[in-house]
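A.B. asks: Dropping the structure in here first, questions after.
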Amino acid sequence: MKVSGFTFVRNAIRYDYPVVESINSILPLCDEFIIAIGNSDDGTRDLIASINSHKIKILDTVWDDSLRIGGQVLAAETNKAMDAITSDCDWAFYLQADEVIHEKYHDPIRNAMQKWVDHTEVEGLLFDYLHFWGSYDFIGDSRHWYRKEVRIIRNDKLIRSYRDAQGFRKDGKKLHVAPANATVFHYGWVKPPESQQAKQESFNRYWHTDSWMEKKIPKSKEYDYSCIGYLAPFNATHPATMKDRIASKNWEFIYNHREGKHRMKDDLLHFIEKKTGWRIGEYKNFKL
């Protein structure tokens, strides 16, 4: 069984992406790792080149900044990396630049890939998610956060990144997937407030118009992390590759549930989900 990792990134240093930690977290599971590096001006390419592994294969790309509807450029860059995967790979393991895998899941993931590699009806493997917010000590605990997504796919060129690169489709249809028995740690909303604000002012341009940006993205030096509803404390361990980054955290985040922003409808749906496990109207980009 042969496995290729792949991802894309642009200006990882400026926007404080844990992309090195992300790559290193699954490198032991991969025979090669393709990373499409977009036209950056902050030393991102040198950062990736500094990873001490013969498995790393850099693909230099130029983002089409005119793709401003629905995050299409993110899917386009994902597909560029995916198309560079060696043809004899069985599985393709995709992580975005702010997603990390805990080493405790290496064996379950490897076992799942081995279990299903000869079952061609299984087109991908499904992961659970933890979404960290504001701090490494809190995770999103509301309907705002997706609970599962496909992160390992069969090396099939008919499979394409979907919409804004959250998931994948084959011939426009949802993938048939099996559980990976593992969890993705998503750190996209844990950055110094200055870096988070800069990211919001830049990255939202790949989804929205200038007029939307003017109305919805406030000008500020720091991101306001209080604009969230339900959070839950995280008391377990983080991936080993995140140790140094977490130790260097230099800002304070205080969560007060009473100050959280949520509607009465959200309270009711949250109550139902906590009591039953049922998320009413949940969107699923896959078929289990």
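A.B. asks: For segment 148-226, state which GluC sites (Glu not before Pro) are in a DSSP loop and have at most 13 other beta carbons lying within 10 Å of their beta carbon. Write down the numbers at each step before the final one.
C.D. replies: On the way: sites: 149, 194, 201, 214, 222; in loops: 222.
Hits after loop and neighbour filter: 222.
A.B. asks: I need the fraction of alpha carbon pairs in segment 39-155 separated by more than 16 Å, rounded to a whole percent. Don't skip to the answer; put the middle values down first.
C.D. replies: Values: 4965 of 6786 pairs.
Considering segment 39-155, 73 percent of its Cα-Cα pairs are separated by more than 16 Å.
A.B. asks: Along the positive direction of the dipole of the chain (beta-carbon charges: Lys, Arg +1; Asp, Glu -1; about the Cα centre), which of 130, 195, 22 reaches farthest?
C.D. replies: So the residue we want is 130.
A.B. asks: Compute the Cα gyration tensor for segment 176-253, then decide on rounded, prolate or oblate, letting a ≥ b ≥ c be the square roots of its eigenvalues: rounded whenever a/c is under 1.5, prolate when a/b is larger than b/c in the other cases, and oblate in all that remain. Provide the component values of the computation, followed by the final result.
C.D. replies: Details: a/c = 2.21, a/b = 1.41, b/c = 1.57.
Oblate.
A.B. asks: Would you compute the Debye intensity of segment 103-162 from its alpha-carbon atoms alone, equal scatterers and no solvent, and pass along log10 I(q)/I(0) at q = 0.18 Å⁻¹ to two decimals?
C.D. replies: Rounded to two decimals, the profile gives -0.81.
A.B. asks: Stokes-Einstein diffusion coefficient for segment 46-100 at 20 °C in a medium of 1.002 mPa s, Rh from the Kirkwood formula over Cα pairs: what value in µm²/s? Mind showing how you got there, number by number?
C.D. replies: On the way: Rh = 13.3 Å.
So the translational diffusion coefficient is about 161 µm²/s.
A.B. asks: Got a sec? How would 173, 243, 57 order by Cβ neighbour count within 10 Å, fewest to most?
C.D. replies: Numbers: 173 9, 243 12, 57 17.
Listed from fewest to most nearby Cβ atoms, that is 173, 243, 57.
A.B. asks: Can I ask one more? What shape does segment 1-41 take by its C-alpha gyration tensor, where a ≥ b ≥ c are the square roots of the eigenvalues and a/c under 1.5 counts as rounded, a/b above b/c as prolate, and the rest as oblate? Don't skip to the end; give the middle numbers.
C.D. replies: Working: a/c = 4.72, a/b = 1.93, b/c = 2.45.
Taking the square roots of the gyration eigenvalues as a ≥ b ≥ c, segment 1-41 is oblate.
A.B. asks: Based on the mean of other beta carbon atoms within 10 Å per residue, what is the order of 18-24, 138-144, most packed first?
C.D. replies: Details: 18-24: 23.4, 138-144: 18.7.
Ranking, from highest mean packing down: 18-24, 138-144.
A.B. asks: While we're looking at this one, here's another question. Can you return the lysines within cross-link range of residue 170? Criterion is Cα-Cα under 24 Å, with same-chain partners fewer than 8 residues away left out.
C.D. replies: 2, 80, 115, 148, 157, 284, 287
A.B. asks: Something else: Among 2, 157, what is the fewest-to-most ranking by other Cβ atoms within 10 Å?
C.D. replies: On the way: 2 14, 157 11.
Result, fewest neighbours first: 157, 2.
A.B. asks: Something else about it: Let me make sure I get this right: for segment 165-215, a, b and c are the square roots of the gyration tensor eigenvalues over alpha carbons, sorted descending. Under 1.5 in a/c it's rounded, otherwise prolate if a/b > b/c, else oblate. Which is it? Please list the in-between numbers first.
C.D. replies: Values: a/c = 5.43, a/b = 1.55, b/c = 3.50.
It is oblate, given that a/c is not under 1.5 and a/b is not larger than b/c.
A.B. asks: What's log10 of I(q)/I(0) for segment 1-107 at q = 0.11, 0.13, 0.14, 0.15 Å⁻¹, Debye sum over Cα points only, no solvent?
C.D. replies: Those come out to -0.32, -0.45, -0.52, -0.59, one per q.
A.B. asks: With both bridge residues required to lie in the chain, what share of the DSSP beta bridges run antiparallel, to the nearest 5%?
C.D. replies: 45
Quick note: the coordinates plus some simple rules give every number you see, no bench work behind them. Note that this is a predicted model, so its numbers are computed, not measured. Please note: Cβ atoms are built from the backbone with ideal geometry, for glycine as well, and neighbour counts cover all protein chains shown.
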